[in-house]
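Input: a single structure, listed below in C-alpha cells.
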Amino acid sequence: MRQLIIIGSGPAGFTAAIYAARANMSPVVFASSVEAGGELMNTTEVENFPGFPEGVMGPELMMKMEEQAAKFGAEIIRDDVTSVELSGPVKKVTLGSGETHEASAIIFATGSAYRKLGIPDEDRLSGYGVSWCATCDGFFFREKVIAVVGGGDSAMEEATFLTKFASKVYVIHRKDSLRASKIMQERAMANPKIEFLWNSAVTAISGESALTGVTLTDTVTGAVRDLALDGLFIAIGNDPRTHLVHGQLDLTESGTIAVDGRSSRTSTSGVFAAGDVIDPSYRQAITAAASGTVAALDAEHYLASLSVPSK
C-alpha cells in the first residue's frame, strides 16, 4: 500500500507531487492517458508564470513540472482513473487497465474543463486564435478585432478585460438579453470598444494556420453571415471534473469539491483536493500550483499523524 496517490497531472497535481516526493511520501501520480498535463497542454505561450521572463510554451512548462516531480521520486502512470473508494482508512483507486491501487491518502487535482461550442475546427485552432482564457491570452491580441461568446458574468468580465488590448470586442450571444449581473452588464455596455451581437450563434470557425473569422447564424431568423476576427474567446462556463467523487465528497453550490477554509481538506478524512477542481473563480496555473502545495503539506501532516511507514 502506498502513502499517497495524486489524481491529475496539471499544475496542481505535479506541484503536489514535487512537494510530496521531496517529503519522502513516495507519491504516484495518475495522469490521464490522453489529457496528461491539463489545460496548459492546449496553450501556446505562457507569459505570466513566475520565473520565465521570456515566456514558456504551455506543454514545455508541464513537461518541466513532470520532470521535476520524477526527479524527486514521484512515479507517474499514464492511465485513466475509472473509480475510487474513499471511505475508511484505506483509499482504493481503479484504473482503466483494471489495476487497483491503495493508499492512505489521496489528492484530487483533476481540474476543470472549459465548455466548448462543439463545432468543427474549435480544437484545431485552440491556441491559434481560439481561446478560453482572456487573462492568459489577451495580451497577444493588441490592436486586434476579437469576439467573446457568452452572456454571463464571466463573458462580460472577459470582454471588458480584453478591451485593454483589442481595438474592437464583439460579444456574441444567442439570446436578446444577458444573464450577467446588472453591474457587469452596465460596465460592458458602457465600454465604447464593445459591440453586442444579439440572437447570434457561432456555427463555424474559419482559418487554416490561424483564426480568420467565424460564421454566425441568427437564432431567430436563421440568417447566416460571416464575421472577420483575429481572436475568439469562448466564455460559456466550465465544469469541474468531479465525476469520480459524486456521492463520496461534499460539493459546493458551484459544483467544485468543498474544502475546509483555505486548506485542501475535503469532507472525508485522508482525502484532499487542489487546483481548478476546488476553484470556481481564478483558474490560473499559478493559483493551481499554489493549491497543490497546500494539498501536499496537508497530506504530509495527515500521514505523519498516522505514522505510516514509507513504501
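Calculated FRET efficiency, Asn199 to Glu75, Cβ-Cβ distance, R0 = 45 Å: about 0.30 to the nearest 0.05.
Relative to the longest principal axis of the Cα atoms of the chain, the long axis of helix 11-22 makes an angle of roughly 20 degrees.
Taking all protein chains in place and a 1.4 Å probe, what share, in percent, of the accessible surface of the chain do carbon and sulfur account for?
Working: 7360 of 14600 Å².
The computed percentage sits at 50.
Spin-label model, Ser307 to Lys64: label points 7 Å out along the Cα-to-beta-carbon direction sit 4.2 nm apart. Checking the a/c ratio against 1.5 first, then a/b against b/c, what shape does the Cα gyration tensor give for the stretch 1-132? Oblate, because a/c is 1.5 or more while a/b does not exceed b/c. Entry note, the chain: relative contact order of 22 percent, from Cα contacts under 8 Å with a spacing of 6+ residues. For the stretch 252-304, the relative contact order comes to 33 percent (Cα pairs under 8 Å, sequence separation of at least 6).
Across the options Ser263, Leu211, Leu244, the greatest Cα extent toward the positive end of the charge dipole of the stretch 202-266 (unit charges at beta carbon of Lys, Arg, Asp, Glu) belongs to Ser263. The loop-placed chymotrypsin sites (Phe, Trp or Tyr not before Pro) in the stretch 226-311, going by DSSP, include none that has at most 10 neighbouring Cβ atoms within 10 Å of its Cβ. In this structure the chain gives 47 Å² per residue of accessible area when probed at 1.4 Å with all protein chains present.
Helix 153-162 and the long axis of the chain differ in direction by around 70°, with both axes built from C-alpha atoms. For the stretch 99-196, GluC sites (Glu not before Pro) are listed when DSSP marks them as loop and at most 14 other Cβ atoms sit within 10 Å of their Cβ; the list is Glu99, Glu143. Spin-label model, Gln248/Ile183: points 7 Å from Cα along the beta carbon direction are separated by 4.0 nm. Rounded to the nearest 10 degrees, the inclination of helix 285-306 to the longest alpha-carbon principal axis of the chain is 20 degrees. A protection proxy built from the mean count of other Cβ atoms within 10 Å ranks the segments 198-208, 283-293, most packed first, as 283-293, 198-208.
When only Cα pairs below 8 angstrom with a gap of at least 6 residues are kept, the stretch 8-104 shows a relative contact order of 27 percent. Accessible area of Asp176 (1.4 Å probe, protein heavy atoms only, ligands and nucleic acids ignored): about 110 Å². Separation of the stretch 1-80 from the stretch 213-284 is 20 Å, based on Cα centroids. How would you classify the stretch 123-228 from its alpha-carbon gyration tensor, with a ≥ b ≥ c the square roots of the eigenvalues: rounded for a/c under 1.5, else prolate if a/b is greater than b/c, otherwise oblate? Verdict is oblate for the stretch 123-228. Remark: the Cα gyration tensor places the stretch 242-282 in the oblate category, a/c being 1.5 or greater and a/b not exceeding b/c. The lysine pair tally for the chain, using Cα distances under 30 Å and a gap of 8 or more places or different chains, is 27.
The values are calculated or read from the model by the stated rules, or taken from the named source; none is laboratory data. Not measured: the values here are computed from a predicted model. As a convention, Cβ positions derive from the backbone with ideal geometry for all residues, glycine included, and neighbour counts pool all protein chains shown. When the accessible area is computed, the model is the full protein with side chains, heavy atoms only, and any ligands, DNA or RNA have been set aside. Shrake-Rupley method; radii C 1.70, N 1.55, O 1.52, S 1.80 Å.
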